[in-house]
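This report concerns only the one structure given below.
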Amino acid sequence: MNKLNAEQIRQPISDTPCSRLDYLEVFSEIESTNSYLLEKPAPLPGRFRVAIADHQTAGRGRMDRQWYSPPLSGLCMSMSYTFENAPKFLPAATLAIGVGVAELLEQLGIRGVGLKWPNDLIVRNGKLGGILTEVHSGDGPEMTVVVGIGINVDLGQSADTGGIKTRIGYASDLASCTDQLLSRSALSAALVETLFNTLAEFEKDGFERFFSAWERYDWLRGQRISVELPNRRPHGVCQGIDSDGALMLRTESGTERIMSGSIHLRGRQGDS
Ligand code: BTN
């Protein structure tokens with residue numbers, strides 16, 4: 001696939017996000033776009049900064065996992081954004097972004113998009129991408145977050161042959177879901193717009209709309225799962241999410257609200 005083109009990414013971004021954008025930088029190679037933005041100064045409230053790379057040499061995922069994407073095969077993008085008032089429960093921001101991105105992918109003609117709580121994008125029962133939200137700084141009411149998103153765009157043969165294994169099973173990509181795939185630059189522009197609009201909407205109106213929309217994409221609801229916590233591993237049936245974004249797990253001893261943890265499907269290949 002072609003290298004990213006900074007002008008083709010900037011040009012289609014509409015007026016409101018454009019007026020709030022401090023910097024948009026495109027790298028051929030970088031360790032990690034999230035790590036890069038975590039080292040840069042925080043934007044002022046309501047403003048944002050973007051870093052996008054053709055290739056990351058040390059891409060990071062949630063829970064200290066690696067995020068590996070072969071050069072030019074995917075989108076590796078991070079946005080730092082400063083909330084005027086820090087959200088009470090930050091994982092809800094990750095869920096809101098998941099919904100925003102799932103809606104964008106549907107608008108682009110990708111069918112069957114699912115969200116695996118709290119941060120995985122799924123298509124065709126494989127991992128299409130993931131979201132990594134990290135706190136940059138947050139003294140007082142303001143809080144700056146760095147939201148990183150990785151999406152497999154075209155993995156070539158490795159998508160078909162299961163060449164890239166994830167903890168969900170195998171990786172999937174956009175190319176195997178559509179024959180009208182946009183360029184990575186056009187996808188990046190759409191994603192910048194979506195991330196900014198989602199964060200701004202979440203800040204203004206809260207999680208409510210995203211909570212209602214989550215159900216539509218919820219890939220875990222009704223599934224038998226276990227949750228990897230530091231000192232125990234509760235299991236049961238996923239009941240969806242609560243209005244603040246916590247995962248609801250029905251166990252033999254009642255319903256538990258899970259605020260963080262790794263989710264494993266019970267009995268599926270690729271899960272332990
Ligand atoms: C996950 O699946 O756990 C999250 C993956 C997030 C990957 C993206 S790629 C852009 C940004 N930079 C990183 O190092 N990670 C995120």
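No value in this document is a laboratory result; all are computed from the given coordinates. For clarity, every value in this text was computed on a predicted model and none was experimentally measured. For neighbour counting, all protein chains shown are included, and Cβ atoms are generated from backbone atoms with ideal geometry for every residue, glycine included.
For this structure, a couple of remarks:
- Fewest neighbouring Cβ atoms within 10 Å first, the residues CYS76, CYS177, CYS238, CYS18 line up as CYS18, CYS177, CYS238, CYS76.
- Of the trypsin sites (Lys or Arg not before Pro) found in segment 60-94, those that fall in a DSSP loop while having at most 12 other beta-carbon atoms within 10 Å are LYS88.
- When +1 charges are put on Lys and Arg Cβ atoms and -1 charges on Asp and Glu Cβ atoms, the dipole computed for the chain relative to its Cα centre reaches about 860 debye.
- Seen from a random direction on average, the alpha-carbon convex hull of segment 104-242 projects onto 10.4 square nanometres.
- Here the peptides 45-58, 93-106, 245-258 are ranked by packing, the mean other Cβ count within 10 Å, and the order with the highest first is 93-106, 45-58, 245-258.
- Going from the residue with the fewest nearby Cβ atoms within 10 Å to the one with the most, TYR68, TYR217, TYR23, TYR81 rank TYR23, TYR68, TYR217, TYR81.
- Cross-link partners of LYS204 among lysines (Cα-Cα below 18 Å; sequence separation of 8 or more within a chain): LYS88
- Listed by number, the DSSP H helices of the chain that run 20 Å or longer by alpha-carbon position along their axis and have mean Kyte hydropathy of at least 1.0 are 91-107.
- Alpha carbon convex hull of the chain, volume per residue in cubic angstrom: 125
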